[in-house]
Each structure stands twice: as structure tokens, then as C-alpha cells.
Amino acid sequence: MSADMPAASRGSLTVVGLGPGDPALRTPAVTEALDAATDIIGYRTYIDLAGPFAPEQRVHASDNRMELDRARHAFDLAATGARVVMVSSGDPGVFAMAAAVMEALDHPEDPAWHQVQLSVLPGVTAAQAASALAGAPLGHDFCVLSLSDNLKPWAEIELRLALMCEADLVLALYNPRSKARPEQFRRAVALIRGRRAPETIVVLGRDIARPGEQLTVTTLADLDPDQVDMRTVVIVGSSRTKRIERPDGGCWVYTPRHY
Ligand code: SAH
């Protein structure tokens, strides 16, 4: 990196997206940042995905729920001159650490945080990886929603689901169903079923680009909520989303770009 010389002394924080799993889907810029890091910080599962690391690289693994604390810790480390890399799965800007890092910087605990050389490196997000496997379900206008109401009220989620149905957008649903809140996905599906045709195509991508990867193409009518968990990204087609049968018994799914 060309800006390294004068910037190195003031430390850096690079927020990176690892992609969905397979290192082949990780950008070279992210690999470069990981190689150059003195400190790697993130949720334990993603640290494992990002490694292995050299013995001199310090690894700070933490619990998934402490996002803001983790962001503050990263700034504190970088402010001492470290080259810190913060890891997220997929893209760091999609329901992940980049927003927490910005939030920490918005309320800095130490003016030195503003001296840190901050950058965000994108990654392939789960919806893109699942979409590519299926064909092109996100080929036209789509929206992305997280179903987790840990951080926002459920009423707002329902409103967004209703509006995306009204607008006939393709929907990519993240954090669809956790053990702690199994009923919400059922409620979301019931809401969509009330507003979209039963034959609407649904794609379930589970552990995409990871061992045990599963891609399921079904319909809104046949969708079984028990097939869905937190390792799944759900794509609900629009009224225009179609399937093409393949000679191998499988199918492609796509949303045409003009109609
Ligand atoms: N920043 C991540 C998303 C974090 S939210 C990204 O851009 O992909 C976590 C949710 O992402 C999961 O509940 C799941 O819905 C989805 N997800 C992440 N990785 C996935 C994968 N490899 N396969 C399927 N879904 C995945």
C-alpha cells in the first residue's frame, strides 16, 4: 500500500469482509490486509475462517454480541500504532462490523481514534453467493432485510416486509430464524403468503461456500420453516422470478431485467 510510510506510525484499522466461506471468494485486497496485520480482531467463528495466522500476529477473538465494545477495542489498539484488521463474514457493511466501527468513531472515547487510518474492504455477501449458485434471482430490483429484532422493533420488520411485497421486489432475508426466536420466521412467511402468489419461487442457501453447502429451490406454498436456520439466507422471488429446468434434474432461477 502506497500510503504506508507516514501512516504506519499512527496505526490503522481495516474492516474486512471474508466472503461467505471459501477463501477463493475472498478478494486479494482482504488477503493482503490480513497478511499485513499485527492484530486481528473479531468474532471467534470468523477468526477461524480468516486464519491461520503467523505466530507473531496477535489474535483477539470475542463474543458475537459485543460489537460496539469490539469496535472500541479495535480503535484503542490502532491508536497505539498497531495495524489492526477487523474481520466480518460476507461483506462488512451488510449486517456486520463496519457500521459498529463507524458508530464507535461517531462517539469517540479518545481523540486519537480520529488519527487512525481507517478503511473498509468489501466482500461477497451471502445473498450474492447464494444468488450466483441459483442463477440470477437478484437479477433485477431487490431488497435486503435482517429478520433479527434484537436491534430493531418487530413492527418495523413487518412494515418493511409488507412494503416490499407491495413493490414486488425480490427479497433477500438474513438472520432468518434463531433458536431464541423461531416464531418470527413463521410470522414473516405468513405475512408474505398473504401478499404473494403460492407459486412464488423461494431459494434457500445454507452454508454457502462452506462445507455441507445446500441450495434448495422451492415455492412459497411448499416452504417449510424448519428447513431454515441462522446459517441460511432466504431469497423470496418477485412475481417475475422464474425457473429453467436443467437436464440434470436441477434448475436455474432468475429474475429477468426487462418486462
Ligand atoms: N456480513 C454477512 C452477514 C452477517 S448476518 C454477509 O455479508 O454475508 C448473518 C446472516 O448472514 C446469517 O444468519 C445468514 O442469513 C447469512 N449468511 C452469512 N453467511 C452465510 C453463508 N455462508 N451461507 C448462507 N447464509 C449465510
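The values are calculated or read from the model by the stated rules, or taken from the named source; none is laboratory data. None of the values given here were measured: they were computed from a predicted structure. Neighbour counts are summed over all protein chains in view; Cβ atoms, including those assigned to glycine, are modelled from backbone coordinates with ideal geometry. The area values use the complete protein model at the heavy-atom level, side chains included, leaving out ligands, DNA and RNA. Shrake-Rupley method; radii C 1.70, N 1.55, O 1.52, S 1.80 Å.
The table below lists the values:
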{"item": "Residue among ASP141, ASP106 that is on the phi < 0 side of the Ramachandran plot, open to solvent by 70 Å² or more (accessible area, probe 1.4 Å), within 22 Å of the chain's Cα centre (by Cα) and at pLDDT 95 or above", "result": "ASP141"}
{"item": "Scope the range 153-187; condition within 15 Å of ASP226 (Cα to Cα), without any contact (Cβ under 8 Å) to a residue 40 or more places away in the chain and among the hydrophobic types (A, V, I, L, M, F, W, C); matching residues", "result": "ALA180"}
{"item": "Meets criteria (touching a strand residue (DSSP E or B) at 6+ places or on another chain (Cβ under 6 Å) and either open to solvent by 20 Å² or more (accessible area, probe 1.4 Å) or assigned to a strand (DSSP E or B) (or both)) for LEU204", "result": "yes"}
{"item": "Residue in the range 218-232 that is open to solvent by 70 Å² or more (accessible area, probe 1.4 Å) and over 22 Å from the mean Cα position of the chain (by Cα) present", "result": "yes"}
{"item": "Unique match (being at pLDDT below 90 and either of a type in the set (Gly, Ala, Ser) or exposed (fewer than 15 other Cβ atoms within 10 Å of the Cβ) (or both)) among ASP63, ASP48, ASP35", "result": "ASP63"}
{"item": "Candidates LEU159, LEU133, LEU151, filtered to the one that is modelled with pLDDT under 95, more than 30 Å from GLN57 (Cα to Cα), among the aliphatic types (A, V, I, L, M) and open to solvent by 30 Å² or more (accessible area, probe 1.4 Å)", "result": "LEU151"}
{"item": "In the range 135-171, the residues that are over 19 Å from ALA190 (Cβ atoms) and within 12 Å of the ligand (Cβ to nearest atom)", "result": "VAL144, ASN150, LEU151"}
